[in-house]
Amino acid sequence: MDTRIYLPESRMPRQWYNALPDLPTPLAPPLNPETKEPLTPDMLSPIFPDALIAQEMSPERFIDIPEDILDIYRIWRPTPLVRARRLEKAIGTSCRIFYKDESRSPAGSHKPNTAVAQAWYNKAEGVKRLSTETGAGQWGTALSFACSMLGMECTVYMVKVSYEQKPYRGILIRTYGAEVFPSPSTRTNSGRVMLERDPDCKGSLGLAISEAVEDAVAHGDTKYALGSVLNHVLLHQTICGQEVKEQMAMAGATPDYLVGCVGGGSNFAGLILPFLPDKLDGANIKFIGAEPKACPSLTKGWFRYDYGDVSRLTPLLKMHTLGHSFMPAPIHAGGLRYHGSAPVLCNIVDAGLVEPRAYFQKECFDAAKFFLQTEGFLPAPETSHAIKAAIETAKEAPAGSNIVFLYSGHGLLDLASYDAYNKGQLVNYELPQETIDKALLECPDVS
Ligand SMILES: *Cc1c(COP(=O)(O)O)cnc(C)c1O
């Protein structure tokens, strides 16, 4: 068996897989936060283009990928599936461990799979500029790359604490030709109100979302883009799992375990959803999602309706949530610090089809270092959770099992967190159940 399994470009998937018609129970609809009635498509049209709103609610099992999007995907896709032989040997397992390498995209993560698609559909409907928020900077990088490929403008509101601590992502975003502002900024009402109240405010993801949405609503030629959680984002990410299916077939094997890290849920869902019909048909395949103990939405959160942001501007989504007022501990996996998770993923977690696991950040960095010292590549702090879970799985799984994990991104722009790790400065955080139960009292009352 080859160590690196390359899918020929001619066999790159030409459709995304939409899991909505195959979910074990119908997806709970998003609700209007004021009336608590199901959201109608026209309520979303000030911020999203019609094509993406249609994908969000589509009953079609497969959706064609437009030729222009395939063209841009070809810059880095299909991505290799790699057999981690040196890692296998170092842990002494008889299991085969494979990783799907999404770090090879221009932005260094899986996020361009949806950024390119979202930018293209917006452009097709005459949108000139996209606004968005970014925490650690990976989504902002992905969207500015996509806008640069399509000749669109892009405005990124970056949480101020990250803007100041992680200047390299901002530099990359600007070099792609996008503008990036620390949030809170003076460009929006939400930002100005916050700055008046607290001139030293370091921002939060919820506030940056409010600023980006406000920018889109205020400008006719501008719309908003979100990098995870929504159905259409997960849809675009299914290209990963579909490629894995083909690549495992090329290797003459089938996966027994699919493993990924979970923030908003898009990379993990992109890996597992194409295998959902097989699992529902009785295939013996396990889905393992890894999250931080500091932000344990799937393992400790409640499955109920909640707001997507702190300011309660977004529709209500039924998801595993820690409460929208949740303030994450300062763990280094910035991309995994969201209080909720994708409703599609939560639906199948609730049906018992996924095994969620939670890990401390130090044990994840240990796993990342072990991977670096065996396989040679430096993973993103988010990805380290998937590596930890894959290694644990290899220790428990029956001999000879095939384990595939999604390598969601590289860590070359996250060196400051490795520096803290090397200096022994990392702290383990675990969110107490009392804090979660208390925050959930603030969830909207929807029966
Ligand atoms: C954003 C990000 C994540 C988490 O987002 P999901 O939507 O859960 O995939 C994980 N890994 C990397 C490298 C990221 O950039």
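Would you confirm whether any residue within segment 246-258 is modelled with pLDDT of 95 or more, outside any helix (DSSP H, G or I), surrounded by 22 or more Cβ atoms within 10 Å (Cβ to Cβ) and within 16 Å of the ligand (Cβ to nearest atom)?
yes
I need a count of the residues in segment 263-293 that are more than 16 Å from the ligand (Cβ to nearest atom), in contact with a Gly (Cβ under 9 Å, 6 or more places away or on another chain) and part of a loop (DSSP other than H, G, I, E, B).
Here the count works out to 0.
If you scan segment 214-229, which residues turn out to be in contact (Cβ under 8 Å) with a residue 40 or more places away in the chain and more than 16 Å from the ligand (Cβ to nearest atom)? Don't jump to the end; show me each part of the working.
So the first thing to find is which residues in segment 214-229 are in contact (Cβ under 8 Å) with a residue 40 or more places away in the chain, and the list is 215-217, 219, 221-229.
Passing the criteria: ASP215, ALA216, VAL217, HIS219, ASP221, THR222, LYS223, TYR224.
Kindly state which helices (runs of 4 or more DSSP H) lie completely within segment 83-193 and contain at least 2 residues that are within 14 Å of the ligand (Cβ to nearest atom) and in contact (Cβ under 8 Å) with a residue 40 or more places away in the chain. Before you say what the answer is, go through the steps one by one.
On the way: elements: 85-91, 112-124, 138-150, 160-165, 167-175.
The helices (runs of 4 or more DSSP H) meeting that bar are 112-124, 138-150, 167-175.
Identify, from the list ALA19, ALA90, ALA119, the residue that is farther than 30 Å from ARG169 by Cβ, surrounded by 20 or more Cβ atoms within 10 Å (Cβ to Cβ) and not hydroxyl-bearing (Ser, Thr, Tyr).
Among ALA19, ALA90, ALA119, only ALA19 is farther than 30 Å from ARG169 by Cβ, surrounded by 20 or more Cβ atoms within 10 Å (Cβ to Cβ) and not hydroxyl-bearing (Ser, Thr, Tyr).
Of the numbered conditions (1) aromatic (Phe, Trp, Tyr); (2) surrounded by fewer than 19 Cβ atoms within 10 Å (Cβ to Cβ); (3) within 21 Å of HIS385 (Cα to Cα), TRP302 satisfies every one except a single condition; which is it?
So the condition that TRP302 fails would be (3).
Taking segment 393-415 only, how many residues are of a type outside the set (Gly, Ala, Ser), buried (at least 18 other Cβ atoms within 10 Å of the Cβ) and out of contact with any strand residue (DSSP E or B) (no Cβ under 6 Å at 6 or more places or on another chain)? Quick ask: steps written out before the conclusion?
First, the residues of segment 393-415 that are of a type outside the set (Gly, Ala, Ser): 393, 395-396, 398, 402-407, 410, 412-415.
Subsequent filtering for residues that are buried (at least 18 other Cβ atoms within 10 Å of the Cβ) retains 393, 402-407, 410, 413-414.
If we keep only those that are out of contact with any strand residue (DSSP E or B) (no Cβ under 6 Å at 6 or more places or on another chain) as well, we get 410, 413-414.
The total comes to 3.
If I ask for residues that are in contact with a helix residue (DSSP H, G or I) (Cβ under 9 Å, 6 or more places away or on another chain), of a type in the set (D, E, K, R) and at pLDDT 95 or above, which ones from segment 204-231 would you list?
Matches in segment 204-231: LYS223 only.
SER105 versus (1) under 22 Å from GLY264 (Cβ atoms); (2) at pLDDT 95 or above; (3) touching a strand residue (DSSP E or B) at 6+ places or on another chain (Cβ under 8 Å); (4) of a type in the set (Gly, Ala, Ser): which is the lone unmet condition?
Tallying (1) under 22 Å from GLY264 (Cβ atoms); (2) at pLDDT 95 or above; (3) touching a strand residue (DSSP E or B) at 6+ places or on another chain (Cβ under 8 Å); (4) of a type in the set (Gly, Ala, Ser), SER105 fails exactly one: (3).
Only one of these conditions is not met by GLU102: (1) farther than 13 Å from TRP16 by Cβ; (2) out of contact with any His (no Cβ under 6 Å at 6 or more places or on another chain). Which number is it?
(2) is the only condition that GLU102 fails.
So, LEU234, is that one within 16 Å of the ligand (Cβ to nearest atom), modelled with pLDDT of 95 or more, part of a strand (DSSP E or B) and not acidic (Asp, Glu) or not? Steps first, answer last, please.
Numbers: within 16 Å of the ligand (Cβ to nearest atom): yes; modelled with pLDDT of 95 or more: yes; part of a strand (DSSP E or B): no; not acidic (Asp, Glu): yes.
Against the criterion (within 16 Å of the ligand (Cβ to nearest atom), modelled with pLDDT of 95 or more, part of a strand (DSSP E or B) and not acidic (Asp, Glu)), LEU234 does not qualify.
Given the condition of a type in the set (Lys, Arg) and within 16 Å of CYS295 (Cβ to Cβ), answer yes or no: does some residue in segment 419-430 qualify? I'd like the intermediate steps shown before the answer.
Initial filter on segment 419-430 (of a type in the set (Lys, Arg)): 423.
If we keep only those that are within 16 Å of CYS295 (Cβ to Cβ) too, we end up with none.
Checked against the condition, which is being of a type in the set (Lys, Arg) and within 16 Å of CYS295 (Cβ to Cβ), segment 419-430 yields no hits at all.
Give me the residue from segment 408-423 that is charged (D, E, K, R) and assigned to a loop (DSSP other than H, G, I, E, B) and, out of that set, nearest to the ligand (Cβ to nearest atom).
So the first thing to find is which residues in segment 408-423 are charged (D, E, K, R), and the list is 414, 419, 423.
Subsequent filtering for residues that are assigned to a loop (DSSP other than H, G, I, E, B) retains 414, 423.
Details: ASP414: 9, LYS423: 23 Å.
Per the stated criteria, the residue is ASP414.
Quick check: is even one residue across segment 143-156 out of contact with any helix residue (DSSP H, G or I) (no Cβ under 6 Å at 6 or more places or on another chain) and on the phi > 0 side of the Ramachandran plot?
Yes, because at least one residue in segment 143-156 is out of contact with any helix residue (DSSP H, G or I) (no Cβ under 6 Å at 6 or more places or on another chain) and on the phi > 0 side of the Ramachandran plot.
Could you list, in sequence order, the residues of segment 71-82 that are in a helix (DSSP H, G or I) and in contact (Cβ under 8 Å) with a residue 12 or more places away in the chain?
Pass one, segment 71-82, residues in a helix (DSSP H, G or I): 71-73.
Those that are in a helix (DSSP H, G or I) and in contact (Cβ under 8 Å) with a residue 12 or more places away in the chain: ILE72, TYR73.
Restricting to segment 171-191, give me the number of residues that are surrounded by fewer than 15 Cβ atoms within 10 Å (Cβ to Cβ) and modelled with pLDDT under 95.
1
Away from the ligand (no atom under 14 Å from the Cβ), of a type outside the set (D, E, K, R) and surrounded by fewer than 15 Cβ atoms within 10 Å (Cβ to Cβ): is that true of LEU426 in this structure?
Values: away from the ligand (no atom under 14 Å from the Cβ): yes; of a type outside the set (D, E, K, R): yes; surrounded by fewer than 15 Cβ atoms within 10 Å (Cβ to Cβ): no.
Judged against the criteria, LEU426 is not a match.
Tell me which residues, restricted to segment 36-70, are modelled with pLDDT under 95 and part of a helix (DSSP H, G or I).
Matches in segment 36-70: PRO41, ASP42, MET43, LEU44.
Out of the residues in segment 314-359 that are more than 16 Å from the chain's Cα centre (by Cα) and small (Gly, Ala, Ser), state the one that is nearest to the ligand (Cβ to nearest atom).
Per the stated criteria, the residue is ALA358.
Going by the structure shown, is LEU372 within 12 Å of the ligand (Cβ to nearest atom), within 26 Å of VAL244 (Cβ to Cβ) and either free of Cβ contacts under 8 Å to residues at least 12 places away in the same chain or surrounded by fewer than 24 Cβ atoms within 10 Å (Cβ to Cβ) (or both)? Steps first, please.
Values: within 12 Å of the ligand (Cβ to nearest atom): no; within 26 Å of VAL244 (Cβ to Cβ): yes; either free of Cβ contacts under 8 Å to residues at least 12 places away in the same chain or surrounded by fewer than 24 Cβ atoms within 10 Å (Cβ to Cβ) (or both): yes.
So LEU372 does not fit the description; no.
The values are calculated or read from the model by the stated rules, or taken from the named source; none is laboratory data. What you see is a predicted model, and the numbers here were worked out from it, not measured in a lab. Glycine gets a Cβ as well: all are built from the backbone with ideal geometry, and neighbour counts include every protein chain shown.
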